[in-house]
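Step one of this worksheet: look at the structure below.
Just so it is clear, none of the values below were taken in a lab; they were calculated from the coordinates. Since we're looking at a predicted model, the values are computed, not measured. Note that each Cβ is placed from the backbone with ideal geometry, even for glycine, and that neighbours are counted across all protein chains shown.
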């Protein structure tokens, strides 16, 4: 089984996600194939430790939420990509989607899509693109 993601704006718009959960196309970009291990290497040690914990054993992640993500993927339901955020100190963090990343890691996924705000891209002077080796031709 592979993780299933909503990977274009039409899918996101037509998805069953609640409207308040849907990212706005004017604010975010979708990067389609982000190397998961490279992403993890740029997170804080604490954040990386939580995400890399064996599935369902991390005290910081709720079992039922990760299980529901895996169930959705078993049922062929695509989910929103995780949202990357740049902190005021310039650290990379995941502000939405920790359980989805944990579930993807448990399935040995190598690449995942990510949502990144235009503001964070500009604020980082596109350093995020360099750090994460983001493919600007594979972005929506």
In nm, give the distance between the simple-model label positions of residue 91 and residue 118, each being 7 Å from the Cα along the Cα-to-Cβ direction. 2.9
Can you compute the modelled spin-label distance between residue 53 and residue 15, with each label point 7 Å from Cα toward Cβ, in nm? 2.4
Give me the base-10 log of I(q)/I(0) for the range 86-140 at each q in 0.30 Å⁻¹, Debye formula, one uniform scatterer per Cα, rounded to two decimals. -1.30
By the C-alpha gyration tensor axes a ≥ b ≥ c (rounded if a/c is under 1.5, else prolate when a/b exceeds b/c, else oblate), the shape of the chain is oblate
Sequence ranges 85-95, 71-81, ranked by mean other-Cβ count within 10 angstrom, highest first: 71-81, 85-95
Would you mind telling me the antiparallel percentage of the DSSP bridges in the range 1-136, rounded to 5? 70
